[in-house]
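Participant: Below are the structure tokens for one structure; questions will follow.
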Amino acid sequence: MTIDLEQIKDILSRVEKPARYTGGEYGEVKCQSSPFYFCMAFPDLYEVGMSNLGIKIVAESFLRRGYAADYCFAPYTDFGDAIKKAGVPLYSLALKKPLKEFDMIGFSLQFELCYTNLLYMLDLAGIPLRRADRAGGKYPVIAIGGPCTVNPEPLADFVDIVFIGDGESADADVAALYLECGGATDEFYRRAAQLDGVYVPALMEVRYGEDGHICAFESQFRPRRAIISDLDGAVFPAAQPVPNCESVFDRSIIEVMRGCYRGCRFCQAGFIYRPVRQRKVDTLTKQACSLIASTGYDEVSLNSLSTGDYPHLRELIRSLKATLPEGVTLALPSLRVDSFDSDFAQDARKISLTFAPEAGSQRLRDVINKDVTEDEIISAAESAFDIGYSAVKLYFMLGLPTETDEDLRAIRRIVDLIKSAYGRKKRAKALRVSVSVSTFIPKPFTPFQWEKQCGEEEVEAKQKVLRDCLYIKGVTLSWSDYFTSRLEGVFARGDRKLGAVLQRAYELGCRFDGWTKDLNKQAWAQAFDDCGIDPAIYTRERGASEILPWEFIDVGITKNFFERERQNAYAGIVTGSCKAGCAGCGLQKICPAAKGDR
């Protein structure tokens, strides 16, 4: 079956941004007949998903095996409600094929607050939400991947396959196995569960004790994160579709390296993407040139968790400047304060510079292993001002372990020092400083995975401290919504019991929970009440001996390392970067840095 856009012409004429739903993007992949049909689903708006490099890499991995790969994004509610009322199933962009007719749908989960959108998309596709309700029927394999899958348990009752880690090969390996086994048979799932990077929730039994906490996991399979060792040889799409409407990041994106040397103790990405693996300058230059030629963009973003740590960055910039067409600019969105170099920022649009000290005092930066000094922050700001920047964005967190009001007030000192640095020379424009403060959320597979998350009263008291000390001319202060942060924290460290809450919230109308205007706080509160679950169970401090919901997953980093790093945090001991010396996280055998390749 193919959806004819003429059928829904009237709907498209009434909704916001109909270009989200028509397909026909410049450079879209023309899918031929195939033994296997894969739909890359992104549970957020089109313009958010089309900016994501990861989904394009995964789709390319299927295409290179000779399989069909198409895209689908979460339609906004105006379109979603209209097609549901009209009886038109959710469909893919290029093929216009109903999602229900694909062999596999893979959802990319970048953020816990997109979970209701996964249910929303299944519902619009006419696919039963729960795995048990799909048993015996002819439905696609429902898979999830992305950073959230290092704790997939809140979604365990809804999905068939979980991809953990680098998805360049594991995803398509499962497709080959599907064909070999004649479909989604018991044999297929058992053999899939033996692959690196694959978890089958149906083959894992979770046992709870009388106290309501997990007491055991029972399965003959232990999921292990898939790790690609050679990024130069890894799948990368030489051409990518250009969105029909402006996307969040309207530019070509190349991945300079994967992983991060730094080991900030709050940062989940810094641990779950270890070890650091780099691409060669020649590889990156070819990729950038190919993307610019195929898309027509005039900007290339050099992405990684910390691009300034790429050891060949100067060489790469020289190579790109010499090879890319005239007028193409470079964006370096992830320069740390202590790796900032004004030479790297010369070509950037000098609108606003972003730094993330994360904590105001040196004491607290030592606690979180943010190995950045006050002098480095000011030096980086001065360098930026001297090449034309007149606005600075500063990112901090509140609610970090051991934090005091004095640590929060120290943010004012950093702001004052930056203002003084700007005022030392005559400048054409007035300085603008934006201070953004998010609430700390403990995440799985970090040294802080056991910590409590601050409650509402405590967060409000800390925000008041900041308001009082940052009421300064030329400085704006913003902070994250407490309810949103708590909801993210609950699902980040949740277990299978939350599946009932998630489904109830969706039934009550929750979707697009990451968007402030769409978040329905009352419905979420009712969902927790209806299911008899107190969110505080998940935001509390966890005992050192407690079995954590994600503990059965092997990401390659040992529990002992996380425990040791937590102890170092409370002692104020800085472990430092992997570049400075191996801290023995558990990945030494496969880590280039541990072998001296830095």
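The values are calculated or read from the model by the stated rules, or taken from the named source; none is laboratory data. All values reported here derive from a predicted model rather than from experimental measurement. A quick note on method: Cβ atoms are made from the backbone with ideal geometry, for glycine too, and the neighbour counts reach across all protein chains shown.
Participant: Any residue at all in the range 94-108 that is over 20 Å from the mean Cα position of the chain (by Cα), within 20 Å of Val174 (Cα to Cα) and assigned to a loop (DSSP other than H, G, I, E, B)?
Facilitator: Yes, the range 94-108 has at least one match.
Here's the yes/no breakdown for (1) touching a Gly at 6+ places or on another chain (Cβ under 9 Å); (2) assigned to a loop (DSSP other than H, G, I, E, B); (3) crowded, with 17+ Cβ neighbours inside 10 Å; (4) not aromatic (Phe, Trp, Tyr):
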residue: Gly514; (1), (2), (3), (4): no, yes, yes, yes
residue: Phe528; (1), (2), (3), (4): no, no, yes, no
residue: Tyr538; (1), (2), (3), (4): yes, no, yes, no
residue: Glu541; (1), (2), (3), (4): no, yes, no, yes
residue: Trp550; (1), (2), (3), (4): no, yes, yes, no
residue: Asn560; (1), (2), (3), (4): yes, no, no, yes
residue: Cys578; (1), (2), (3), (4): yes, yes, yes, yes
residue: Gly584; (1), (2), (3), (4): no, yes, no, yes
residue: Gly596; (1), (2), (3), (4): no, yes, no, yes
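Participant: Condition (residue is of a type in the set (Asp, Glu), in a loop (DSSP other than H, G, I, E, B) and touching a residue at least 12 places away in the same chain (Cβ under 8 Å)) applied to the range 377-391: is it met by at least one residue?
Facilitator: Among the residues of the range 377-391, not one is of a type in the set (Asp, Glu), in a loop (DSSP other than H, G, I, E, B) and touching a residue at least 12 places away in the same chain (Cβ under 8 Å), which makes the answer no.
Participant: Also, quick follow-up: Please state which one of Gly270, Gly259 is modelled with pLDDT of 90 or more, closer than 30 Å to Ser383 by Cβ, touching a Gly at 6+ places or on another chain (Cβ under 7 Å) and small (Gly, Ala, Ser).
Facilitator: On the way: Gly259 fails: touching a Gly at 6+ places or on another chain (Cβ under 7 Å).
Gly270 is the lone residue from the list that is modelled with pLDDT of 90 or more, closer than 30 Å to Ser383 by Cβ, touching a Gly at 6+ places or on another chain (Cβ under 7 Å) and small (Gly, Ala, Ser).
Participant: Hey, another quick one. So, in the range 144-163, how many residues would count as being out of contact with any strand residue (DSSP E or B) (no Cβ under 8 Å at 6 or more places or on another chain) and either under 12 Å from Glu112 (Cβ atoms) or surrounded by 24 or more Cβ atoms within 10 Å (Cβ to Cβ) (or both)?
Facilitator: 5
Participant: Write out, first by first residue and then by second, each pair whose Cβ atoms fall under 6 Å of each other, whose residues are 6+ apart or on separate chains, and whose first residue, in the range 290-312, is surrounded by fewer than 22 Cβ atoms within 10 Å (Cβ to Cβ) while the second is of a type in the set (Asp, Glu) and modelled with pLDDT of 90 or more.
Facilitator: Asn303/Glu255
Participant: Within the range 44-85, restricting attention to residues that are among the charged types (D, E, K, R) and without any contact (Cβ under 8 Å) to a residue 60 or more places away in the chain, which residue is surrounded by the most Cβ atoms within 10 Å (Cβ to Cβ)? It would help to see each step written out before you state the result.
Facilitator: Filtering the range 44-85 for residues among the charged types (D, E, K, R) gives 44, 47, 56, 60, 64-65, 70, 78, 81, 84-85.
Now drop any that are not without any contact (Cβ under 8 Å) to a residue 60 or more places away in the chain, which leaves 70, 81, 84-85.
Numbers: Asp70: 24, Asp81: 14, Lys84: 17, Lys85: 9.
For the range 44-85, the residue satisfying everything is Asp70.
Participant: Within the range 501-524, is even one residue in contact (Cβ under 8 Å) with a residue 40 or more places away in the chain, touching a Lys or Arg at 6+ places or on another chain (Cβ under 6 Å) and under 29 Å from Gly197 (Cβ atoms)?
Facilitator: No.
Participant: Name the residues in the range 562-576 that are on the phi > 0 side of the Ramachandran plot and exposed (fewer than 14 other Cβ atoms within 10 Å of the Cβ), would you?
Facilitator: Passing the criteria: only Gly572.
Participant: Do we find that Val459 is touching a Gly at 6+ places or on another chain (Cβ under 7 Å) and under 25 Å from Ile368 (Cβ atoms) in this structure?
Facilitator: On the way: touching a Gly at 6+ places or on another chain (Cβ under 7 Å): yes; under 25 Å from Ile368 (Cβ atoms): yes.
It is true that Val459 is touching a Gly at 6+ places or on another chain (Cβ under 7 Å) and under 25 Å from Ile368 (Cβ atoms).
Participant: So, one more: Among Trp479, Trp550, which is the only one that is more than 23 Å from Leu155 (Cα to Cα), among the aromatic types (Phe, Trp, Tyr) and within 25 Å of the chain's Cα centre (by Cα)?
Facilitator: The match here is Trp479.
Participant: From Thr484, Thr446, which residue is touching a residue at least 12 places away in the same chain (Cβ under 8 Å) and either assigned to a loop (DSSP other than H, G, I, E, B) or aromatic (Phe, Trp, Tyr) (or both)? Break it down stepwise before answering.
Facilitator: Details: Thr484 fails: either assigned to a loop (DSSP other than H, G, I, E, B) or aromatic (Phe, Trp, Tyr) (or both).
Step by step, each of Thr484, Thr446 is checked, and only Thr446 is touching a residue at least 12 places away in the same chain (Cβ under 8 Å) and either assigned to a loop (DSSP other than H, G, I, E, B) or aromatic (Phe, Trp, Tyr) (or both).
Participant: Another one. Let me spell it out: the conditions are (1) within 27 Å of the chain's Cα centre (by Cα); (2) surrounded by 22 or more Cβ atoms within 10 Å (Cβ to Cβ); (3) over 30 Å from Ala492 (Cβ atoms), and Ile418 meets all of them except one. Which number is the exception?
Facilitator: So the condition that Ile418 fails would be (1).
Participant: Shifting gears a bit: Against the definition (surrounded by fewer than 19 Cβ atoms within 10 Å (Cβ to Cβ) and assigned to a helix (DSSP H, G or I)), how does Ala172 come out, yes or no?
Facilitator: Against the criterion (surrounded by fewer than 19 Cβ atoms within 10 Å (Cβ to Cβ) and assigned to a helix (DSSP H, G or I)), Ala172 does not qualify.
Participant: Let me ask you something else. Here's a check for you: in the range 355-376, which residue that is assigned to a helix (DSSP H, G or I) and of a type outside the set (Asp, Glu) is farthest from Arg432 (Cα to Cα)? Reasoning before the result, please.
Facilitator: Here is the first cut: in the range 355-376, the ones assigned to a helix (DSSP H, G or I) are 362-367, 374-376.
Still in the list and also of a type outside the set (Asp, Glu): 362-365, 367.
Numbers: Gln362: 24, Arg363: 27, Leu364: 26, Arg365: 24, Val367: 29 Å.
Filtering the range 355-376 for residues that are assigned to a helix (DSSP H, G or I) and of a type outside the set (Asp, Glu), the one farthest from Arg432 (Cα to Cα) comes out as Val367.
Participant: Could you tell me which numbered condition Glu315 fails, if it satisfies all but one of (1) within 19 Å of the chain's Cα centre (by Cα); (2) without any contact (Cβ under 8 Å) to a residue 40 or more places away in the chain?
Facilitator: Result: Glu315 passes all but (1).
Participant: Taking the options Tyr91, Tyr115, name whichever one is crowded, with 21+ Cβ neighbours inside 10 Å and either modelled with pLDDT under 95 or farther than 22 Å from Phe163 by Cα (or both).
Facilitator: Tyr91 is the lone residue from the list that is crowded, with 21+ Cβ neighbours inside 10 Å and either modelled with pLDDT under 95 or farther than 22 Å from Phe163 by Cα (or both).
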